[in-house]
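**Q** Can you keep this structure in mind? I'll have questions shortly.
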Amino acid sequence: MRRLAVLGAGSWGTTFAQVLADGGSEVMLWARREEVAAEVRTEHRNSAYLGEHLLPEAVGATSRIDETLEGADGIVLAVPAQSLRATLAAWPALPEVPVLSLIKGIERGTDARISEVIAQAGRTDPARIGVLSGPNLSGEIARRQPCGSVVAAPDHTLAESLAMWCQTSYLRAYTSTDVIGVEIAGAVKNVIAIAVGAATGLGHGHNTTASLITRGLAEITRLGVALGGRPETFAGLAGMGDLVATCSSPLSRNHRLGLALGRGLDVMSAAQEVGQTAEGVATARAVGDLAARLGVDMPITRAVVDVVDHGARIEDVTTALLSRSIRPE
C-alpha cells in the first residue's frame, strides 16, 4: 500500500488526508500540536477544524516530523503559506519523493510562488513538485460531496501520478503541466474573494459581485500570463472554478473576512472573527508587488492592499473602483 505523509493538520490538510485514504493510501498526518495528533490517532477526529467528523482508520497522526516522513512514498504539504519557509527550514531535508502542494499564496517579501519556496527551503528538486488547485472548499469535501480539481506538475507523468493519489468517487483530478498558472490562480483568487465579500458586506447585490468576479478573473489571467502561465488555465477549474467557489461560499475564509470588512470591522477584528488563516490578506501585498514590477494592471488587488495594509476605508475603495475611467473591456 502507498504511504503518504500529509504535513499540516488544519481543515484542508486533514480533509485531504481523508481523500488520500479514500483513494487507497495509508496516510500519516503531521500536526504541530500533539493534542491534535493524539485526537486523530485515538478518536479519528480533528475537532478543532472538522468538529465531530470521523476520519478513515487509514489516517494516522503524529507531531514528530521524522516519524511522519519515515517510509513515505510521497509528501503532501498543507501548512500556511507565510510560515512555510520557516517551517521547512526547521525540518530535515525532505525525502527524494514526489511532493504535492495544497498551499495557496504568494510569499511576502520575496514574491515567490509556493513551489519555489518548497524547492528552496525544502531542498527539493523542482522536477518532483506538483501543485493542486480548484473549487475545493474543505467542508464540502470532508462530507464527500463531488468536486473537481487540477493537479499540475512540470511533466505529465508526474502530474498523472500525483492525480492518482487523490482519485476518489467524489473528487475527480484533472492534470496539467502549467504549474505557474495553477499556482497564480489559486493564490490571487483569495484576494479577489476579499473584495467580493466586502462588497456583499456593504450591501451590494449580485450585479456588483458578478462584476468583481469577472474583472477579478481578468486580473488573475493578466498576471498569470505575464509570469508564464497559459491563458486557458484561468478559464478552467483552477481559475474560474476556484474563483467562483471562493468568492461565493460562506465556507470560504477569505469571503467571510471580506464580509466582516464590509460590515465595518478593521482587518484585525475581521481576522479574529474568521478564526482561521485567510491567506488573501498576506498574499495581497505580494501580488500587488508582483503586478507593479511586471507592469500588470490589477485595480481590485490594489484596492484590497489599500484596505488590509494601508487602512483605507472599504467604502472609499468601492467608490474608486466604480469610478474608473471608460476603457475597452
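The values are calculated or read from the model by the stated rules, or taken from the named source; none is laboratory data. Remember, it's a predicted structure, so these values are computed and weren't measured experimentally. Cβ coordinates were reconstructed from backbone atoms using ideal geometry, including for glycine residues, and neighbour counts include every protein chain displayed.
**Q** Out of GLY201, GLY181, GLY197, which single residue is closer than 30 Å to VAL267 by Cα and either at pLDDT 95 or above or not assigned by TED's automatic domain parsing to the domain that holds GLU315 (or both)?
**A** Matching residue, one of GLY201, GLY181, GLY197: GLY181.
**Q** Out of the residues in segment 99-120 that are in a strand (DSSP E or B) and modelled with pLDDT of 95 or more, which is farthest from the chain's Cα centre (by Cα)?
**A** Filtering segment 99-120 for residues that are in a strand (DSSP E or B) and modelled with pLDDT of 95 or more, the one farthest from the chain's Cα centre (by Cα) comes out as VAL99.
**Q** Taking the options ALA21, ALA72, ALA61, ALA38, name whichever one is at pLDDT 95 or above, in a loop (DSSP other than H, G, I, E, B), in contact with a strand residue (DSSP E or B) (Cβ under 9 Å, 6 or more places away or on another chain) and among the small types (Gly, Ala, Ser).
**A** Working: ALA21 fails: in a loop (DSSP other than H, G, I, E, B); ALA61 fails: in a loop (DSSP other than H, G, I, E, B); ALA38 fails: in a loop (DSSP other than H, G, I, E, B).
Criteria check complete, one pass: ALA72.
**Q** Among the candidates ARG293, ARG313, ARG263, ARG256, which residue alone is under 27 Å from THR177 (Cα atoms) and among the basic types (Lys, Arg)?
**A** ARG293
**Q** When you go through (1) of a type in the set (D, E, K, R); (2) exposed (fewer than 15 other Cβ atoms within 10 Å of the Cβ); (3) not in a helix (DSSP H, G or I) one by one for ARG32, which number turns out not to apply?
**A** ARG32 satisfies all of (1) of a type in the set (D, E, K, R); (2) exposed (fewer than 15 other Cβ atoms within 10 Å of the Cβ); (3) not in a helix (DSSP H, G or I) except (2).
**Q** Can you tell me which residue is nearest to ASP242 (Cα to Cα) among those in segment 121-171 that are of a type in the set (Ser, Thr, Tyr) and in a loop (DSSP other than H, G, I, E, B)?
**A** Out of the qualifying residues, it is TYR170.
**Q** Of all helices (runs of 4 or more DSSP H) completely enclosed by segment 186-271, which ones contain at least 1 residues that are touching an Asp or Glu at 6+ places or on another chain (Cβ under 6 Å)?
**A** Numbers: elements: 206-226, 242-248, 253-262.
In segment 186-271, 253-262 are the helices (runs of 4 or more DSSP H) which contain 1 or more residues that are touching an Asp or Glu at 6+ places or on another chain (Cβ under 6 Å).
**Q** With respect to ALA245, is the statement that it is surrounded by fewer than 24 Cβ atoms within 10 Å (Cβ to Cβ) and among the hydrophobic types (A, V, I, L, M, F, W, C) true?
**A** Considered against the rule, which asks whether it is surrounded by fewer than 24 Cβ atoms within 10 Å (Cβ to Cβ) and among the hydrophobic types (A, V, I, L, M, F, W, C), ALA245 comes out as yes.
**Q** Okay, next question. Could you say whether any residue in segment 42-56 is touching a residue at least 12 places away in the same chain (Cβ under 8 Å), farther than 19 Å from GLU140 by Cβ and surrounded by 24 or more Cβ atoms within 10 Å (Cβ to Cβ)?
**A** Within segment 42-56 (the criterion being touching a residue at least 12 places away in the same chain (Cβ under 8 Å), farther than 19 Å from GLU140 by Cβ and surrounded by 24 or more Cβ atoms within 10 Å (Cβ to Cβ)), the answer is no, since none of the residues qualifies.
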